[in-house]
Each structure stands twice: as C-alpha cells, then as structure tokens.
Amino acid sequence: MPRRYDPERRQRIIDAAIRVVGKKGIAGLTHRSVAAEANVPLGSTTYHFSTLDDLMVAALRQANEGFAKALAGSGVLDDTQGDLAAALAHVLGEWLGGDRQGVELEYELYLAALRRPALRPVAAEWTEETADRLARRTDPVTARALLALMDGICLQVLLTGAAYDEGYAREVLARVVPE
C-alpha cells in the first residue's frame, strides 16, 4: 500500500499535543495520547518527533505565540509617547481575560523547562525576543525588569485564582519604567 502524502500531519500532531497538555497536563503527554488526539498512527508521532522533548519543544514554540501576538496586536510597542506601564497592564488584562486555558497552557509548557533541559533554549528564546520587543520602548535592562514583573503578576493570578487587578499592575509596572 503506498504511503499517503499528508503535509499537514506534523502540524496536527503539534496541535494535538497542545490539546493533550491542556486537558491532562504535561504528565498526560505521551506519543500514544497525542496520536489518539490527532487521529494518526502512533508511528506518525514518533516519525515527526522522535522524543517527547522534541514534541514539547514544537508545542512550546507554538504556545509561546499567545502573549507575543497580544503584545504586537496592542500597538503598545509603536506608541512611543503613551503611558507604557498603563498600556502593558492593559495588554496583560486582555491576555489573561481572553483564552484562560491557552494562557495556563503557555505557562505550563514554559515552566516545564525547569525539569526538561531541552525546553530551556525555547523558553530563553521567548524571553529574549519579548525583552527585545519591549526594549523598543525603553532600555534593555528596564525591558527585562518589566518582563520579569509581568511574568510574576501572571503567575500570581494563575496560581492563586485571584482576579487580575489592572490598577495594581499599572502601579507596579510604573515603578519600573523610568520617567
């Protein structure tokens, strides 16, 4: 029987891995669970991603696009005269208030780098790219500080289940932004 050409299969496997992590967490991610979710043979997942780390790297790269898209779509990086702290606080609120499962998934995959060294370069890449974007509005050191603070705010909201407080976020971000 000839092999069926399926150029979208790799992407379907990545999308399925993201859904599996969303439903079952990192612990539920196996080649078998992803194959079932993607409705592909088990051999397809191992063909495209020989290890689970390879699959998680691809999923993390895709999941990391969430905040980057929110930041880019907000216009905050282009508005050189606007209140940076207020604009970033608003973007965080929009992002956290949107697809909450997607935000949780993004952080779960991001934090998986603590235990999976293969994910660290992807997490570092995201950090560098986001800090570079923020540095268009401020200096590089302040950009990194803003990113660290926004990560902390997001983690507190996600881990405690507390409501996002845009006023609080604006106030603490303003303490980091030079006048």
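In the stretch 117-138, which residues are farther than 23 Å from Gly82 by Cα and surrounded by fewer than 17 Cβ atoms within 10 Å (Cβ to Cβ)?
Pro117, Ala118, Arg120, Pro121, Ala124, Glu125, Thr127, Glu128 - these are the residues of the stretch 117-138 that are farther than 23 Å from Gly82 by Cα and surrounded by fewer than 17 Cβ atoms within 10 Å (Cβ to Cβ).
Within the stretch 124-179, can you find the residues that are within 21 Å of Gly73 (Cβ to Cβ) and charged (D, E, K, R)?
Listed by number, the residues that qualify are Glu125, Glu128, Glu129, Asp132, Arg133, Arg136, Arg137, Asp151, Glu166, Arg170.
Can you name every residue in the stretch 25-36 that is within 20 Å of Ala112 (Cβ to Cβ) and either among the hydroxyl-bearing types (Ser, Thr, Tyr) or open to solvent by 60 Å² or more (accessible area, probe 1.4 Å) (or both)?
If the condition is that a residue be within 20 Å of Ala112 (Cβ to Cβ) and either among the hydroxyl-bearing types (Ser, Thr, Tyr) or open to solvent by 60 Å² or more (accessible area, probe 1.4 Å) (or both), then Ala27, Thr30, Arg32, Ser33 are the ones that fit.
Would you pick out the residues in the stretch 38-54 that are in a helix (DSSP H, G or I) and either open to solvent by 50 Å² or more (accessible area, probe 1.4 Å) or of a type in the set (Gly, Ala, Ser) (or both)?
If the condition is that a residue be in a helix (DSSP H, G or I) and either open to solvent by 50 Å² or more (accessible area, probe 1.4 Å) or of a type in the set (Gly, Ala, Ser) (or both), then Ala38, Leu42, Gly43, Ser44, Thr46, Tyr47, His48, Asp54 are the ones that fit.
Only one of (1) without any contact (Cβ under 8 Å) to a residue 40 or more places away in the chain; (2) closer than 20 Å to Gly66 by Cβ fails for Val141. Which number is that?
Among (1) without any contact (Cβ under 8 Å) to a residue 40 or more places away in the chain; (2) closer than 20 Å to Gly66 by Cβ, Val141 violates only (2).
Which pairs turn up if I take residues in the stretch 25-37 that are part of a helix (DSSP H, G or I) and look for partners that are acidic (Asp, Glu) with beta carbon separation below 8 Å, at least 6 apart in sequence or on another chain?
Cβ pairs passing all conditions: Ile26/Glu108.
Which numbered condition trips up Val141, out of (1) at pLDDT 95 or above; (2) surrounded by 20 or more Cβ atoms within 10 Å (Cβ to Cβ)?
Answer for Val141: the failing condition is (2).
Looking only at the stretch 61-109, count how many residues are outside any helix (DSSP H, G or I) and either on the phi > 0 side of the Ramachandran plot or open to solvent by 30 Å² or more (accessible area, probe 1.4 Å) (or both).
8
Using the structure shown, decide if Val91 is closer than 16 Å to Arg133 by Cβ and within 17 Å of the chain's Cα centre (by Cα).
Here the answer is yes, as Val91 does meet what is asked.
Return yes when Ala162 is out of contact with any Lys or Arg (no Cβ under 7 Å at 6 or more places or on another chain) and modelled with pLDDT of 95 or more and no when it is not.
So Ala162 does not fit the description; no.
The values are calculated or read from the model by the stated rules, or taken from the named source; none is laboratory data. Because the structure is a prediction, the values reported are computed rather than measured. Reconstructed Cβ throughout: ideal geometry from the backbone, glycine too, with neighbour counts over all protein chains shown. Protein only, heavy atoms only, side chains kept; ligands, DNA and RNA dropped before computing areas. Shrake-Rupley method; radii C 1.70, N 1.55, O 1.52, S 1.80 Å.
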